[in-house]
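Remarks on the structure that follows.
The values are calculated or read from the model by the stated rules, or taken from the named source; none is laboratory data. On a predicted model such as this, the values are computed, not experimentally measured, just so you know. Cβ sites come from the backbone with ideal geometry, for glycine too, and all protein chains shown count toward neighbours. Only protein heavy atoms, including side chains, enter the accessible area calculation; ligands, DNA and RNA are left aside. Shrake-Rupley method; radii C 1.70, N 1.55, O 1.52, S 1.80 Å.
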There are 2 protein chains.
Amino acid sequence: MTGRKILIVDDESSIRDMLRVALEMAEYDCLEASNAQDAHAQIVDEKPDLILLDWMMPGTSGIELARRLKRDEVTAGIPIIMLTAKGEEDNKIQGLEVGADDYITKPFSPRELVARLKAVLRRADPQSNSSPILVNGLCLDPVSHRVTINKQLVEMGPTEYRLLEFFLTHQERAYTRSQLLDHVWGGNVYVEERTVDVHIRRLRKALTVDGHEDLVQTVRGTGYRFSTRIEA
Amino acid sequence: MTGRKILIVDDESSIRDMLRVALEMAEYDCLEASNAQDAHAQIVDEKPDLILLDWMMPGTSGIELARRLKRDEVTAGIPIIMLTAKGEEDNKIQGLEVGADDYITKPFSPRELVARLKAVLRRADPQSNSSPILVNGLCLDPVSHRVTINKQLVEMGPTEYRLLEFFLTHQERAYTRSQLLDHVWGGNVYVEERTVDVHIRRLRKALTVDGHEDLVQTVRGTGYRFSTRIEA
DNA sequence: AACTAGTGTGACAAACTTGTGACAGTCACG
DNA sequence: CGTGACTGTCACAAGTTTGTCACACTAGTT
């Protein structure tokens, strides 16, 4: 299992069915939506790893939804593949201008679609390709769902693991508590901002081997940052 | 590519489409026929490695075609999986009496179908995957269908054996309960996720020799993992 | 130095997750 | 038919995690 979630957004159920079969065979988890409203709700709640988005839909169009998603910081990073009809080159260009990561033209081969999808996922997050992330002896392996420091097993809870995973895939960048809540807890939770501080403390405590707790740094007045640059 | 050719015989094009997508994703070559005459011609001409045969079809029925194929020396060796409607136990028995190698009930999960298909092909061609797996003195031998720890025979039920077999062929990787259900129980079962926990307990109990139960590890909030790395 | 805003910390209750013993139902076998 | 093995489920026990809060401490400003 890839542990990846793909959202299929298309009003035609036969297309959704076909895509679901293909993606399940390739061991992705599938979500489905037949319109933009459903899609948006699922994107916020479920945080899919990639969205397959039909160009043309009743009500809010796919292109409009893509535009909205790319404008919102929380969802901007989710890769989008537009599904377009044959012969509509203008749609492709417009899709790419809006920020879609790729397009694929109906009718398409399931194998081609999965290959394209894999390529987009690889591009979107080169470090999250099921390979371990290694920083100064700190290692997070998504496949075995395990963290080690200098080969030594490190215990932590699920939330701390997710926080560390987020930090390791977004290094050298400061995030507010609010942003961390959205990215790590999800956009639909009601949690005090100060709770982030408590989990930061728990993560730091778990990482207290050979000074690795210092990788998680406070940015006073802003929030936190994961950085390999340690001030003396 | 597996180099294997599968013939899909079903009068419903939506079923054929779904099966084709699933099988192509699994890298099989597909042939299709919507009736028994077409099917028979393709079987003679193309010599598929396995036939997926719908029970019920207009004109000559699937069961009749199966009977004919099993009677003919040229085609008798081709494995047949009957596709039956839910609730028709008599059909299943009749199919197996006629010589079908397995049956699968609509609606079915593509993943289960491919797993079944692989099992049938493996049976038809027994020269595959029969070497014992050895981990820290724990040994699973698929040929004798036996498990030992440090040469000591270990008793366990069929489900625990299958679970262990899955783990030994997928080490160092965390799986959710849902994934374990799909892989070990099959995709078309209706079993509570918590049942996995009970079987994990039973497997751990069976492996309680020299601490081997610790190889089956809980990944809290996710599921389970089989790993040779043991917490201190 | 005093003050204030911001962050760290210990502790706790509630919620959640996993482990366990037990049981009923089913099935294969003698 | 009786019996033992197997399976799935359930209620309760045990263990862990989570979010919150009051207080302590620190950094920055005046």
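List of remarks:
- Proximal aspartates and glutamates relative to A:Lys70, as straight alpha-carbon distance under 12 Å, when same-chain residues fewer than 8 apart are discounted: A:Glu97, A:Asp101
- At R0 = 41 Å, FRET efficiency that the Cβ-Cβ distance of B:Thr60 and B:Ile230 yields, to 0.05: 0.10
- Sum of -39500 (n - 2.57) over DSSP H runs of 4+, divided by residues of chain A (222 nm, nearest 500): -11500 deg cm²/dmol
- Taking label positions 7 Å along the Cα-Cβ direction at both B:Asp45 and A:His170, the computed distance is 5.8 nm, reported to one decimal.
- Note on the range A:133-226: with charges restricted to the Cβ of Lys and Arg (+1) and Asp and Glu (-1), its dipole about the Cα centre is near 100 debye.
- Computed over chain B: relative contact order in percent, which uses C-alpha pairs under 8 Å that are six or more apart: 12
- Take B:Lys5: with every protein chain present and a 1.4 Å probe, its accessible area is about 60 Å².
- 0 to 90° range, to nearest 10: angle between helix B:62-71 axis and chain B longest Cα axis: 90
- FRET efficiency, A:Glu213 to B:Ser14 (Cβ-Cβ, R0 45 Å, nearest 0.05): 0.20
- Cα coordinate range in chain A, projected on the principal axes (Å, largest first): 60, 35, 27
- The calculated FRET efficiency for B:Asp29 paired with A:Val135, based on their beta-carbon distance and R0 = 35 Å, is about 0.20.
- Selection from B:Leu117, B:Val184, A:Val114 lying farthest towards where the dipole of the protein assembly as shown points positive, charges on Cβ: B:Val184
- Between 0 and 90 degrees, the angle of helix A:194-206 with respect to the longest Cα principal axis of chain A falls at about 60 degrees.
- Average beta-carbon neighbours from other chains, 10 Å sphere, peptide A:150-162: 2
- Checking the Cα-Cα distances for A:Lys205/B:Lys205; A:Lys5/A:Lys118; B:Lys151/B:Lys205 against a 23 Å cut-off, the pairs over it are A:Lys205/B:Lys205.
- Separation of the A:Thr159 and B:Thr222 label points, Cα + 7 Å toward Cβ, nm: 1.9
- Label-to-label distance, B:Asn150 versus A:Gln152, with points set 7 angstrom from Cα along the beta-carbon direction: 2.9 nm.
- Sorting A:Met56, B:Met57, A:Met156 by accessible area puts them as A:Met56, A:Met156, B:Met57; the probe is 1.4 Å, largest comes first, and only protein heavy atoms count.
- Only the Cβ atoms of Lys and Arg (+1) and of Asp and Glu (-1) were treated as charged; on that basis the dipole of the protein assembly as shown about its Cα centre amounts to roughly 1500 debye.
- Karplus-derived 3J(HN,Hα) values for the range B:212-225, using 6.51 cos²θ - 1.76 cosθ + 1.60 with θ = phi - 60°, are 5, 5, 6, 5, 8, 10, 7, 10, 4, x, 10, x, 9, 8 Hz; glycine and proline are entered as x.
- Taking the Cα centre of chain B as origin and assigning +1 to Lys and Arg Cβ atoms and -1 to Asp and Glu Cβ atoms, the resulting dipole is close to 860 debye.
- Compared with its chain on its own, the range B:13-27 contains the following residues whose accessible area drops by 30 Å² or more in the full protein assembly (probe 1.4 Å; ligands, DNA and RNA excluded): B:Val21, B:Glu24, B:Met25.
- Partner shielding of A:109-115 amounts to 2, given as the average count of beta-carbon atoms from other chains within 10 Å of each residue beta-carbon.
- Diffusion coefficient of the protein assembly as shown by Stokes-Einstein, Kirkwood radius over Cα pairs, 37 °C, 0.692 mPa s: 130 µm²/s.
- Per-atom-type breakdown for the range A:100-220 gives carbon and sulfur 46% of the accessible area (1.4 Å probe, protein chains only).
- Summed over both chains, the contact between A and B buries some 2100 Å² of accessible surface at a probe radius of 1.4 Å.
- A:Met18, A:Met82, ranked by accessible area, largest first (probe 1.4 Å): A:Met18, A:Met82
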